[in-house]
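The values are calculated or read from the model by the stated rules, or taken from the named source; none is laboratory data. This one's a predicted model, so the numbers in the text were calculated from it and none came from an experiment. Virtual Cβ from ideal backbone geometry, glycine too; neighbours counted across all protein chains shown.
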Amino acid sequence: MKVPFFRPEITEEEIAEVSDSLRSGWLTTGPKVKQFEQEFAQAVGAKFAVALNSCTAALHLALEAVGVKRGDMVIVPTMTFAATAEVVRYFDAVPVMVDCDPRTLCMDPQQLRHTIEALLSEQPVAGLKPPYGRLKVIIPMHYGGYACSMVAIMDMADFYGLNVIEDSAHAFPAAYRPPTADTGTTIIRSTPLSNGYIPAGRFGRVGCFSFYANKCITTGEGGMAVTDDERIADRMRLMSLHGMDRDAWKRFTAEGSWYYELVAPGYKYNLTDLAAGLGLHQLRKAEQLRLARERIAQSYNRAFASISELETPVESEDGRTHSYHLYPLRLNLDKLTIDRAQFIEELKARGVLCSVHWLPLHLHPYYRETYGMTEGLFPVAEREWLRLVSLPIFPAQREEEVEHVIRSVIDVVTCNRR
Ligand SMILES: *Cc1c(COP(=O)(O)O)cnc(C)c1O
């Protein structure tokens with residue numbers, strides 16, 4: 001049997017919706033994008049949602065909207081995907097990396113505090129040396145769909161006057177319930193859903209989601225930014241379409257709706273109606289898709305719990321709803337005769353395709369060469385990435401495929417015990 005790392009599940013409903021778009025003549029941004037924005041905003045309880053063609057675009061425009069400029073400092077995790085930090089570089093701003101929590105693999109709040117204090121007191125930190133630019137933004141990333149400790153992060157952001165932009169690429173629908181003492185305070189301003197939970201992406205000034213093919217819900221390629229701040233939403237919308245101000249015509253009664261003015265050199269980041277049609281259906285199924293992934297994670301957890309060579313990932317728990325975008329299994333390498341790469345090869349030989357999330361950013365050639373970053377800077381991320389294996393976890397995964405993954409993992413462990 002062969003189990004891919006991911007296989008999309010596209011139903012007839014979605015195919016019909018895309019056909020409908022093709023027949024309607026609205027190929028690019030039109031009524032379905034508008035509807036998708038409204039329904040997504042409602043799903044996460046946000047005042048505004050801006051649909052974009054990727055989460056990377058959402059992160060880029062969010063940084064632009066909060067006024068990041070050349071030389072500014074933006075805090076990012078090292079344990080994340082390329083996009084979280086590359087958008088900082090688009091401005092020639094400086095990504096300041098932070099190590100991860102060993103349990104959740106999300107940004108470690110204590111390390112975050114240490115980093116902020118070092119930056120503000122002009123001490124060397126994160127492989128960087130003073131003098132520093134202005135510290136403006138923190139970009140926490142909800143690793144695998146498990147929400148970061150947002151109360152601690154928002155508390156620091158508030159204290160130091162920093163913007164928080166959440167990289168929620170993995171985290172829809174994921175949620176976090178702040179201890180009741182923290183809701184309605186100055187720290188947590190967003191209104192909880194009726195169950196007391198706040199969706200990931202709703203703590204910071206802007207939350208950015210990805211609808212890339214293998215993300216929790218998909219539009220093929222696509223993204224969404226949510227915010228309660230109208231000025232930010234307007235700016236992001238404007239910059240997503242060339243910096244065209246289409247409301248300008250209202251000021252000139254003699255002109256028509258064909259009139260626009262360019263107010264900034266914007267980008268071309270709009271989502272298409274073809275994609276939004278897919279998104280509308282995916283959105284309505286989001287919780288059902290999440291439950292399907294949760295059930296697979298639970299099967300893996302049960303099967304691996306008593307195997308001392310393996311460490312299972314964090315789960316949904318009281319106060320955290322996990323979206324289960326990833327299932328990052330960790331190997332206890334001291335109990336195995338093979339390393340992680342060999343483990344993945346052994347699984348591949350048994351027909352199971354895995355991935356790794358991720359080689360920490362500071363170990364990539366670009367960051368080594370640009371900032372002189374080296375091994376030893378972020379010991380937790382460096383230690384954990386060497387033993388990470390992401391197993392297949394997707395709603396279209398059949399029961400026998402889940403069982404085959406479990407059998408194969410156990411077989412590889414059994415054949416390679418120390
Ligand atoms: C996938 C991903 C992104 C980028 O999403 P796109 O929609 O492909 O631009 C950003 N951050 C993280 C953590 C991701 O995994």
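With the condition kept exactly as written, say whether any residue in the range 90-100 is outside the structural domain of Leu326 (by TED's automatic domain parsing), touching a strand residue (DSSP E or B) at 6+ places or on another chain (Cβ under 8 Å) and surrounded by fewer than 17 Cβ atoms within 10 Å (Cβ to Cβ). There is no residue in the range 90-100 that is outside the structural domain of Leu326 (by TED's automatic domain parsing), touching a strand residue (DSSP E or B) at 6+ places or on another chain (Cβ under 8 Å) and surrounded by fewer than 17 Cβ atoms within 10 Å (Cβ to Cβ).
Out of all the residues in the range 122-137, which are of a type in the set (Val, Ile, Thr) and in contact with a strand residue (DSSP E or B) (Cβ under 6 Å, 6 or more places away or on another chain)?
Of the residues in the range 122-137, the ones of a type in the set (Val, Ile, Thr) are 125, 137.
Of everything in the range 122-137, just one residue is of a type in the set (Val, Ile, Thr) and in contact with a strand residue (DSSP E or B) (Cβ under 6 Å, 6 or more places away or on another chain), namely Val137.
No other residue among His142, His170 is in contact with a helix residue (DSSP H, G or I) (Cβ under 8 Å, 6 or more places away or on another chain) and modelled with pLDDT of 95 or more apart from His170.
Taking the range 57-170 and the helices (runs of 4 or more DSSP H) fully enclosed by it, the elements with 3 or more residues that are within 16 Å of the ligand (Cβ to nearest atom) are at 82-89. Could you list, in sequence order, all residues of the range 185-219 that are surrounded by fewer than 21 Cβ atoms within 10 Å (Cβ to Cβ) and near the ligand (Cβ under 10 Å from one of its atoms)? Passing the criteria: Tyr212, Ala213, Asn214. Kindly indicate whether any position in the range 151-173 is buried (at least 24 other Cβ atoms within 10 Å of the Cβ), touching a Cys at 6+ places or on another chain (Cβ under 7 Å), at positive phi and small (Gly, Ala, Ser). Checked the range 151-173: no residue is buried (at least 24 other Cβ atoms within 10 Å of the Cβ), touching a Cys at 6+ places or on another chain (Cβ under 7 Å), at positive phi and small (Gly, Ala, Ser).
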